[in-house]
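Enquirer: Let me begin by handing over the structure; questions about it come next.
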Amino acid sequence: ALTIGIVGLPNVGKSTLFNALTKNNVLAANYPFATIEPNVGVVPLPDSRLQTLAEIFGSERVLPATVSFVDIAGIVRGASEGEGLGNKFLANIREADAICQVVRAFHDDDVHHVEGKVSPKDDIETIHTELILADLQTLEKAVPRLEKEVKGKKTDKAVLDTALAAQKLLEEGETLYAAGAAAGVDMDLAKELGLLTTKPFLYVFNVDEDQLTDEALQKELSAMVAPADAIFLNAKLESELAELEEDEARELLESVGVSEPGLNQLAHKGFHTLGLQTYLTAGPKESRAWTIRKGWTAPQAAGVIHTDFQRGFIKAEIVSFDDLVEAGSMNAAKAAGKVRMEGKDYVMADGDVVEFRFNV
Ligand code: GDP
């Protein structure tokens, strides 16, 4: 499964947030065969459509899609030079599919700030700088090698050009995710060069409780990281929420003026950042959301359930969630001509409710 690596300076609330992420033991119960690693937090992607499907089909249970987060400890100033847990940090981040930086915005004199003051902008830059330096090191080794290979006609010149264009941006202090595409860098080639800053970024601002409803502040912080996504939450509150029953949790949320836990937002935006989407299946046993990449075809989507479904794919019987709900039942949707038969070239849409036909 795709994972999002959580990074951040010391004392910004990473462990506190991660605790909240891993307290979701609902998942361990629903996915008994999943191995849950100690440094991996699996968060359900809230999806109210599943409850509706469960009512229509009389499903015994609902299974949401999930998003996995990996705790990547060890970034400090100098990590790219091997400071702290530098090398381990870089190896871990290489394996993540996206990078989520936790940024301290909360004020608390009892919690030491490693850089001496609360400054989201500086903290973001510190982390960016370490990742940029790591990429520049990678390129310093790669460029002379690529030059030789291009001369020997072993490598396409486009790869070298990408390396040089990336190097230029990085030297200007830009991450490739934020600035690469706009500057004409071939991002696929840049990814193949193993450059860390090509990974999608998102930012969690760990704010004071009274900042949870401070729209002006949130606008300012969002602008700082745009076009990447920003999430605002209070890590301490999230870890408290994770331990409460639903009713109590709702009361606590209301008392601070927000409508849903920050973790829900984190799951949604994380999912989006990874370029993922879901499709739905429903029946008496379960209503379930399945994770696919945007742009996947019906047979690829079928393969997520079982490789046999992909191999023996014949067609997919599909109704959009909204049409199904409007009709009230599968039979009514069929009678209304809302159920389509799609073939192997069909590109899945969000909200497709699917039944696959396949040969075994
Ligand atoms: P990490 O080093 O980034 O993993 O940070 P921790 O999660 O260990 O948090 C460092 C300290 O900040 C701990 O004492 C936490 O209780 C405290 N802390 C974490 N989140 C918040 C928050 O939202 N508000 C306040 N006031 N303190 C927090």
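Enquirer: Looking only at the stretch 194-210, count every residue that is over 13 Å from LEU169 (Cβ atoms) and either among the aromatic types (Phe, Trp, Tyr) or out of contact with any strand residue (DSSP E or B) (no Cβ under 7 Å at 6 or more places or on another chain) (or both) and tell me the total.
Expert: At the first step, the residues of the stretch 194-210 found to be over 13 Å from LEU169 (Cβ atoms) are 194, 196, 199-210.
In the following step, the residues that additionally are either among the aromatic types (Phe, Trp, Tyr) or out of contact with any strand residue (DSSP E or B) (no Cβ under 7 Å at 6 or more places or on another chain) (or both) were identified as 194, 196, 201, 203, 205, 208-210.
The qualifying residues number 8.
Enquirer: Further question on the same structure: So for the stretch 195-203 (the condition being more than 16 Å from the ligand (Cβ to nearest atom), within 30 Å of VAL256 (Cα to Cα) and not in a helix (DSSP H, G or I)), does at least one residue qualify?
Expert: Of the residues in the stretch 195-203, the ones more than 16 Å from the ligand (Cβ to nearest atom) are 195-202.
Going one step further and asking which of them are within 30 Å of VAL256 (Cα to Cα), we end up with 201-202.
Now narrow it down to the ones that are not in a helix (DSSP H, G or I): 201-202.
Checking the stretch 195-203: at least one residue is more than 16 Å from the ligand (Cβ to nearest atom), within 30 Å of VAL256 (Cα to Cα) and not in a helix (DSSP H, G or I).
Enquirer: Looking at the stretch 307-322 only, could you name the residues that are out of contact with any helix residue (DSSP H, G or I) (no Cβ under 6 Å at 6 or more places or on another chain) and among the hydrophobic types (A, V, I, L, M, F, W, C)?
Expert: First, the residues of the stretch 307-322 that are out of contact with any helix residue (DSSP H, G or I) (no Cβ under 6 Å at 6 or more places or on another chain): 307-308, 311-312, 314-315, 317-318, 320, 322.
The answer is ILE314, ILE318.
Enquirer: Follow-up. Exactly one condition in (1) assigned to a helix (DSSP H, G or I); (2) farther than 22 Å from ILE231 by Cβ is not met by ALA181; state its number.
Expert: Going through the list (1) assigned to a helix (DSSP H, G or I); (2) farther than 22 Å from ILE231 by Cβ, ALA181 breaks only (1).
Enquirer: May I ask you to say which residue of LEU241, LEU221 is under 25 Å from LYS121 (Cβ atoms) and out of contact with any Lys or Arg (no Cβ under 6 Å at 6 or more places or on another chain)?
Expert: On the way: LEU241 fails: under 25 Å from LYS121 (Cβ atoms).
One residue alone meets the criteria, LEU221.
Enquirer: I'd like the residue in the stretch 254-282 that is away from the ligand (no atom under 15 Å from the Cβ) and more than 27 Å from LEU2 (Cα to Cα) and, out of all such residues, is surrounded by the fewest Cβ atoms within 10 Å (Cβ to Cβ).
Expert: That would be SER259.
Enquirer: Where in the stretch 251-360 are there helices (runs of 4 or more DSSP H), lying fully within it, with 1 or more residues that are at pLDDT 95 or above and more than 22 Å from the chain's Cα centre (by Cα)? Don't jump to the end; show me each part of the working.
Expert: Numbers: elements: 262-273, 298-305, 307-311, 321-327, 330-335.
Once the helices (runs of 4 or more DSSP H) in the stretch 251-360 are filtered for at least 1 residues that are at pLDDT 95 or above and more than 22 Å from the chain's Cα centre (by Cα), what remains is 298-305, 321-327, 330-335.
Enquirer: So which residues in the stretch 97-121 are under 22 Å from the mean Cα position of the chain (by Cα) and of a type in the set (Val, Ile, Thr)?
Expert: Once the filter is applied, which keeps residues that are under 22 Å from the mean Cα position of the chain (by Cα) and of a type in the set (Val, Ile, Thr), the stretch 97-121 yields ILE99, VAL102, VAL103.
Enquirer: Going by the conditions given, is ALA235 farther than 30 Å from ALA181 by Cα, crowded, with 20+ Cβ neighbours inside 10 Å and in contact with a strand residue (DSSP E or B) (Cβ under 7 Å, 6 or more places away or on another chain)?
Expert: Numbers: farther than 30 Å from ALA181 by Cα: yes; crowded, with 20+ Cβ neighbours inside 10 Å: yes; in contact with a strand residue (DSSP E or B) (Cβ under 7 Å, 6 or more places away or on another chain): yes.
Yes; evaluated as a whole, the condition is true for this residue.
Enquirer: Select, from ASN19, ASN39, ASN30, ASN11, the only residue that is among the polar types (S, T, N, Q) and at pLDDT below 75.
Expert: Checking each option against the conditions leaves just ASN30.
Enquirer: Is it true that ALA223 is in a strand (DSSP E or B) and under 21 Å from the mean Cα position of the chain (by Cα)?
Expert: Numbers: in a strand (DSSP E or B): no; under 21 Å from the mean Cα position of the chain (by Cα): yes.
Judged against the criteria, ALA223 is not a match.
Enquirer: May I pose another question? Looking at ALA142, ALA91, which one is over 30 Å from ASN234 (Cβ atoms) and either touching a strand residue (DSSP E or B) at 6+ places or on another chain (Cβ under 8 Å) or exposed (fewer than 14 other Cβ atoms within 10 Å of the Cβ) (or both)?
Expert: None of the other options fit; the residue is ALA91.
Enquirer: Picking from GLY173, GLY184, GLY194, which residue would you name as being more than 30 Å from GLU238 (Cα to Cα), without any contact (Cβ under 8 Å) to a residue 24 or more places away in the chain, surrounded by fewer than 21 Cβ atoms within 10 Å (Cβ to Cβ) and of a type outside the set (Lys, Arg)?
Expert: Details: GLY173 fails: without any contact (Cβ under 8 Å) to a residue 24 or more places away in the chain; GLY194 fails: without any contact (Cβ under 8 Å) to a residue 24 or more places away in the chain.
GLY184 is the lone residue from the list that is more than 30 Å from GLU238 (Cα to Cα), without any contact (Cβ under 8 Å) to a residue 24 or more places away in the chain, surrounded by fewer than 21 Cβ atoms within 10 Å (Cβ to Cβ) and of a type outside the set (Lys, Arg).
Enquirer: Please indicate, with yes or no, whether at least one residue in the stretch 95-105 is assigned to a loop (DSSP other than H, G, I, E, B), more than 16 Å from the ligand (Cβ to nearest atom) and either aromatic (Phe, Trp, Tyr) or over 19 Å from PRO227 (Cβ atoms) (or both).
Expert: Initially, the stretch 95-105 is screened for residues assigned to a loop (DSSP other than H, G, I, E, B), giving 96-97, 105.
From what's left, more than 16 Å from the ligand (Cβ to nearest atom): 96-97.
With the extra rule that they be either aromatic (Phe, Trp, Tyr) or over 19 Å from PRO227 (Cβ atoms) (or both), the set shrinks to 96.
Checked the stretch 95-105: at least one residue is assigned to a loop (DSSP other than H, G, I, E, B), more than 16 Å from the ligand (Cβ to nearest atom) and either aromatic (Phe, Trp, Tyr) or over 19 Å from PRO227 (Cβ atoms) (or both).
The values are calculated or read from the model by the stated rules, or taken from the named source; none is laboratory data. The structure displayed is predicted, hence computed values, not measured ones. Every residue, glycine among them, receives a Cβ derived from its backbone with ideal geometry; neighbour counts consider all protein chains shown.
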